Structures are given as C-alpha cells and as structure tokens.
1. Counting Lys and Arg as +1 and Asp and Glu as -1, each charge on the Cβ, what is the dipole of the chain about the Cα centre in debye, to the nearest 20?
2. Averaging sequence separations of C-alpha pairs under 8 Å and six or more residues apart, then dividing by the length of the stretch 156-208, give the relative contact order as a whole percent.
3. Full-extension gain between residue 115 and residue 86, please, as 0.36 nm times their residue separation minus the C-alpha to C-alpha distance.
4. Return a whole-number percent for the relative contact order of the stretch 50-206, with Cα pairs under 8 Å and 6 or more residues apart as the contact set.
5. Quick one: of the DSSP bridges fully inside the chain, what percent are antiparallel, nearest 5?
6. Between 121, 73, 49, which gets the highest mean-square fluctuation from a Gaussian network model of the chain, Cα cutoff 10 Å?
7. Along each of its three principal axes, how wide is the spread of alpha-carbon positions in the chain, in whole angstrom units, largest first?
8. Figure the gain on full extension for residue 152 and residue 193 (residue separation times 0.36 nm, minus the Cα-Cα span) and round it to one decimal in nm.
Amino acid sequence: MSTVASPAVEQRVLLNASWETYERLLAEHPDVAGPRFTYNEGVLEIMVLSAAHEEPNRTLAALVEALAEEFDLDLRCLGSTTFKREELRKGFEPDSAFYIRRAPAFQGRDIDPAVDPPPDLVIEVDVSRSSLARFPIFAAFGVPEVWRYDGSRVSIWRLEAGRYAEAESSAVLPPLTRSVATQFLEESRAMRRPEWVRRVREWARSQG
C-alpha cells in the first residue's frame, strides 16, 4: 500500500479532466493517506495534505465526537470518504464527515455514499487557500452544515435555500458557537490531550 509523506505546506494542482479520468484516479489511489481529489464539472483538484492541515482537522473531529457523546447523540464518522455523483458531475473528499441527526437511520447497516443522503456535518480546513469554491459542491449534495477553519478561526456555515450563510452557532451540535469552537482549537495547542478532552466534556456538561 502506497503512502504520501506529509509536506510542509499543502500542494494543489488544478486540471481539466473527464469524469472517467476522475474515477480512474480514485481507483488508483484507494489509500486514505494519499492525495485528496475534488471534482466539479470538468475541473479536478488534486491536493496533498500537510501536517498543518491535518492537526486542526483531527482536533475538530475529536471535538465533535466528545460533544456528541456528552450530548447523548448518535454519531457516525466517515472521515474523508469519497462522495461522488455522476449525474451532478461533482465529487469531494471532506477533511471529516459526520452523520449525527441522520445517524439513527443507519443503525445496523453500512452507509453507502453513492445512494444515501449526505452527511450532516463536513469539516474543511484551509491553511493555504480558501475552500469556499467547494461550497457549491457541498450545496449540490445537500450537506446541511460546514465548519471551516482558515488558520485563525472556525466559522460555521448552514445551508439555506441552496446557499451557505455564516451562522453564529451549530445546528447539529447546539449550543456550540463558532467562538467556542475556535477557543477549543486554540486551547488544544497548549494543553495535554487528556486535559483538553476533560475541558471539552466539562463545558458540554455545563450546558445542560
């Protein structure tokens, strides 16, 4: 199984490509540690992730999992699973994807991204270039909520009438706000992980 070493900065390449080329590249790179592919109506982006990208992504994913447990919410994490629809001519691999509100519907069976509804929450980390151009792809799939980290703050975006509007708080994990999410991410850099997780859980319990 091939792996790709994490570079110091993200590497991105944009190409004009057919849907068949996109699917072939996906088949040739099944390793989750390999490059990330995004496809939008004939334009293919190939991205190799950096450590500066993956660390906040994993921390935000840990935040989601800890809060869901404390709020007694069912959760299915699909990580960077490929979501693609040929009829839309669009495909993406999120940094992290979660089923929360819809998770109970999949109890006892696997989720099939090809036919099942999209995840309730997608996390996007942008430390080198904006992923806002990816938002129309998420909207076409009907992803209800996106968290975006731009290297300095976490923003929360909700799908409204086919477009994303920035919101103060999360609809899938209320009462978490964008400022609290940003604070937790900043604290994670200065705290030992066990202490940080306890801090998150204590905050969640205080919201009851």
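Please treat every number below as a calculation from the coordinates, not as lab data. Source: prediction; values computed, not measured. Note that each Cβ is placed from the backbone with ideal geometry, even for glycine, and that neighbours are counted across all protein chains shown.
1. So the magnitude is around 320 debye.
2. On the way: 30 pairs, mean separation 10.7, N = 53.
Contact order relative to length: 20 percent.
3. Extra length from residue 115 to residue 86 when fully extended: 9.3 nm.
4. Worked out over the stretch 50-206, it gives 20 percent.
5. 85
6. 73
7. Its Cα atoms span 51, 39, 33 Å along the three principal axes.
8. Values: separation 41, 0.36 × 41 = 14.76 nm, distance 2.01 nm.
Here the answer is 12.7 nm.
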